[in-house]
1. Can you say whether C:Ser97 is touching a Leu at 6+ places or on another chain (Cβ under 8 Å), at pLDDT below 85, among the hydroxyl-bearing types (Ser, Thr, Tyr) and not in a helix (DSSP H, G or I), as far as the supplied structure shows?
2. Listed residues A:Phe32, A:Phe101; which is more than 8 Å from chain C (Cβ to nearest Cβ) and in contact with a Ser or Thr (Cβ under 9 Å, 6 or more places away or on another chain)?
3. Out of all the residues in region C:118-146, which are without any contact (Cβ under 8 Å) to a residue 40 or more places away in the chain and more than 9 Å from chain B (Cβ to nearest Cβ)?
4. If only one of C:Ser165, C:Ser139 is touching a Lys or Arg at 6+ places or on another chain (Cβ under 7 Å) and either aliphatic (A, V, I, L, M) or part of a helix (DSSP H, G or I) (or both), which one is it?
5. Looking at B:Leu39, B:Leu43, B:Leu69, can you tell me which residue is facing chain A (nearest Cβ under 8 Å) and either buried (at least 24 other Cβ atoms within 10 Å of the Cβ) or assigned to a helix (DSSP H, G or I) (or both)?
6. Which one is most open to solvent (accessible area, probe 1.4 Å) among residues in region B:4-26 that are part of a helix (DSSP H, G or I) and more than 10 Å from every other protein chain (Cβ to nearest Cβ)?
7. Mind checking which residues of region C:53-76 are at pLDDT 85 or above, open to solvent by 20 Å² or more (accessible area, probe 1.4 Å) and at the interface with chain A (Cβ under 8 Å from one of its Cβ atoms)?
8. Quick check on my filter: what residues within region C:32-52 are more than 7 Å from chain A (Cβ to nearest Cβ), part of a helix (DSSP H, G or I) and within 23 Å of the chain's Cα centre (by Cα)?
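The values are calculated or read from the model by the stated rules, or taken from the named source; none is laboratory data. For clarity, every value in this text was computed on a predicted model and none was experimentally measured. Positions of Cβ are backbone-derived with ideal geometry, glycine not excepted, and every protein chain shown enters the neighbour counts. The accessibility values were calculated without ligands, DNA or RNA, using every heavy atom of the protein model including side chains. Shrake-Rupley method; radii C 1.70, N 1.55, O 1.52, S 1.80 Å.
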Amino acid sequence: MTVISILGFILIIIGLWGMLTQKNIIKMIIGFSIIDTGLHLVIVSIGFIKGRTAPIISKAVEGLDTGKNFIDPVPSALVLTAIVIGLAITALMLVYAVKLFRFKRSLQIEDFEELKW
Amino acid sequence: MSLIIIIFLGIIMIAAAVLALYLKNLVAAIISAGVISLLASVLYLFLAAPDVAMTEAAIGSGLTTIVFLLAFNKIRSDRED
Amino acid sequence: MAKRFITLLLIALLAYMFLPFIVEVDETSQLNRVAEKYVTAGPLELGAANLVTAVIVTYRGLDTLGEIVVLFIAAVGIGFLLRKPSKKKIAAPKRSSSEILRTGSDFLIPLLILFGVYIFTHGHLTPGGGFQGGVVLTSAALLFMLSNTEARFNKQLTEVIESVSGIFYLIIGILGLILAGGFLDSRFLQLGEMGRLFSAGAIPIIYSIIGIKVGMELIGILEKLRKEEI
């Protein structure tokens, strides 16, 4: 549905804004997870077709033409695995944040000057 | 009818996203980020994707919040000594 | 000031990139050809009632294998980063959990494990599957961690279970290559009657293996993050 894909785009923009403007590393990772949620909403909404149902064969769709009553299962399958990967990547980023805190005793991005130009 | 519910949920999600970025209290910000995922799992039901809704509810709002809180707890216990 | 301007410019460019998505793309009213084939031929070829499962496990099985490898690499990376103990040797005094939490979790943990196993063994019939079931198993383990703050999961045991299920996943994939049409083809077992637990070929077995592997990997990640003395 278009409304949900617009909502997903707004979430992506908010998340990118947060990643670019926030100084705290944990806040940046929160921005990343907001982008993740928005992107998943957009991808699933691409596969949706108005008036059709979930691709699961049950009593309700028995005898009907499956090609005319089901939504596209591929975006759902992709997003399902992408959510699990997103959790693992977020955990990896958070562990890096813990490591950076032990290195500099600070979570503010301004204190890490080694790569500044 | 469903359009009104979607717009209502969307407004709450955008508000939660802004709060998650601008709250000073980090624990409150993490919980607010979890709320976005929880409401997104309701939206997946409107998009006829129950598998994705289950995954998002269990992982996005449950485990991701827990992982954030565990990492934050590690940083806080480091800061205290 | 210049930084703020560049940020705004980037955001505006991104929003401009999204504009055609919203304005020009009209909602489709029929499936594309690949999805059409998956939806119409999937139930007959594979015998799975849940077509998302059929796509994940068989049609795009190689993708799923790749995603599981990514999950494994992320877990390995977390273990690698947290391997060295910091200066602090003594763990902070921990508060033991309350009576209500302990009693409630003793009641809930077996039910959660049962629910997780139910979700991943019925992945080909109902919504759900290996990833969701694995996460429910992880939440049972998380409840155990919260109620018994002193107890530790046996690291070796979770790693061995995870590796063995990964090896079994590959063996089943190769069996599909030998006995049926290709790598990870689930049709080397009987398709059976649709709607039964033992149907749809090897899909329930593959999804159970994925569930156990994902659950053990996530338990490992949580356990590594939880350790106080490291």
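1. Working: touching a Leu at 6+ places or on another chain (Cβ under 8 Å): yes; at pLDDT below 85: yes; among the hydroxyl-bearing types (Ser, Thr, Tyr): yes; not in a helix (DSSP H, G or I): yes.
So C:Ser97 passes the test.
2. Numbers: A:Phe101 fails: in contact with a Ser or Thr (Cβ under 9 Å, 6 or more places away or on another chain).
It is A:Phe32.
3. C:Tyr118, C:Ala140, C:Leu143, C:Phe144, listed by residue number.
4. Working: C:Ser139 fails: touching a Lys or Arg at 6+ places or on another chain (Cβ under 7 Å).
Matching residue, one of C:Ser165, C:Ser139: C:Ser165.
5. On the way: B:Leu39 fails: facing chain A (nearest Cβ under 8 Å); B:Leu69 fails: facing chain A (nearest Cβ under 8 Å).
Just one listed residue meets the conditions, B:Leu43.
6. Applying the first criterion (part of a helix (DSSP H, G or I)) to region B:4-26 yields B:4-22, B:26.
Among the residues that remain, those that are also more than 10 Å from every other protein chain (Cβ to nearest Cβ) are: B:4-5, B:8, B:12, B:15, B:19.
Details: B:Ile4: 113, B:Ile5: 63, B:Phe8: 129, B:Ile12: 64, B:Ala15: 52, B:Leu19: 90 Å².
Restricting to residues being part of a helix (DSSP H, G or I) and more than 10 Å from every other protein chain (Cβ to nearest Cβ), the top hit is B:Phe8.
7. C:Asp63, C:Glu67, C:Val70
8. C:Gly42, C:Leu46
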